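The values are calculated or read from the model by the stated rules, or taken from the named source; none is laboratory data. Here the structure is a predicted model, which means the values were calculated and not measured. Positions of Cβ are backbone-derived with ideal geometry, glycine not excepted, and every protein chain shown enters the neighbour counts.
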Amino acid sequence: MHLATSSQGPATPVLARSAPPTPAELSAMMPFGRYSVQAQVGIGGMGTVYRGTQLSLGRPVAIKVLRVSDGYDFAFEDRFRREARAMAALNHPNIVAIYDYGHLGSEFLFFVMEFVDGTDLGGIMNQGRMTPDLALQLLPQICAGLEYAHAKGIVHRDIKPANIMLTRQGEVKITDFGLAKDVARVASMVTETHMVMGTPEYAAPEQFNAHREVDHRADIYALGVLMYQMLTGALPRGTWQAPSALRPGAIDERIDAVVVRALMQDRQCRFQSLTDMRRAIEAALVPAARTPSRPLPQPVAQSARILLLEDDLMVRDLMRRALEKARFEVVETGDGKDTLRLYQEAMNQGRPFDLAILDLTIPDGMCGRETMLHLRRIDPRILAIVSSGYRDDPVMKDCAAYGFAGALPKPYQVEGLLQVVNSALAVGRRSAA
């Protein structure tokens, strides 16, 4: 839902919107037979979304279509074009990529974007699967995507659960830039018809003033609302309580300060950048120096060395920081071949790794299963953990059959990560004894 206020002139007849094309009709309309369309997956004020296939590459895509005549009242055509341009300018792992854009005759506009195999945060929260630990794992990724967009001069202006997707691998994807503005070229964030755009529950105070300039700090406010909702399951309405008060023992009190600052009515008092907000979240995740409410499991050995194979930079960074906070020594790699080289070099230097954590699925490199086969030839006694978001994969279901000492499903929680690591190291030490 979008909030829209404008001066009303004489009453005009309201025309019923026509039904969107069927998948078969859309397949026939797409240019040069480049795409096939399988199913309609969503419909809203900014068009209809379909699941399709880009035939030349055989890859799944999402196709968004707007009937031009349905959008005249609220300048939807301009906003549709703006969304395509905004997304095309952004190339970041936490932002949905756009592949194609154009007209279908004179009746429709379309653009083709990355298909996200997953669900949005609204679905996760409605299913009761959002926990404080998962929220604090995902929030830095949301910050990273918005940081990048802001650095490119793009403000989203409609951050809410439905516009934050989560893949099966635990990767955040920000979508729906239909209300975005390029602040590098446009001085005012208000439309020419003095419409105020946004979703009321997440809109910053300045978005309700049609004559006030809106900048990137509106996204910070909206993310503060979303953060509160992810942590507590509620929206910060009226005289709201701090997250730690609603979830005592489950949320560190230091998180409260992050939420409070993001939700300041005066934008001058909020975080002035997503970088600052992300760093504040990360700082609050560092275990407290004295009597933490939920102490992290202690590592089996303070000097254990871990080789971490993970191609997702954000996930790898989160895992590395969690392991280093627990005082493990971590060496990172993003490809199986590099993992083999590092493991062999460590053995040659007399400083072998105590444990390897191998990502099962690496689309652009040697995967964890193949890497493990080669590593076992190098070191038949290798101790390794397999990590993946595909919990039904045979390797994850029976990791021991493939030589692994444990399986780490994604998205992971810090406590779960350390528990699996410590358990594997304990098994390795018993075997060595």
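Data table
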| quantity | calculated |
| --- | --- |
| Residue in the stretch 375-403 that is surrounded by the fewest Cβ atoms within 10 Å (Cβ to Cβ), counting only those that are under 16 Å from L342 (Cβ atoms) and of a type in the set (V, I, T) | I378 |
| Long-range neighbours under 6 Å by Cβ, at least six apart or interchain, first residue under 16 Å from L66 (Cβ atoms) within the stretch 21-41, second part of a helix (DSSP H, G or I) and hydroxyl-bearing (S, T, Y) | V37/S27 |
| Residue satisfying all of: in the stretch 228-262; among the aliphatic types (A, V, I, L, M) and out of contact with any helix residue (DSSP H, G or I) (no Cβ under 6 Å at 6 or more places or on another chain); surrounded by the most Cβ atoms within 10 Å (Cβ to Cβ) among these | V260 |
| Test: Q229 is under 15 Å from K160 (Cα atoms), in contact (Cβ under 8 Å) with a residue 40 or more places away in the chain and in the same structural domain as P200 (by TED's automatic domain parsing) | yes |
| Residue within the stretch 348-356 that is more than 28 Å from D133 (Cβ to Cβ) and surrounded by 17 or more Cβ atoms within 10 Å (Cβ to Cβ) present | no |
| Residue within the stretch 98-115 that is in a helix (DSSP H, G or I) and buried (at least 23 other Cβ atoms within 10 Å of the Cβ) present | no |
| Filtered residue count, the stretch 404-415, keeping only those that are surrounded by fewer than 19 Cβ atoms within 10 Å (Cβ to Cβ) and of a type in the set (K, R) | 0 |
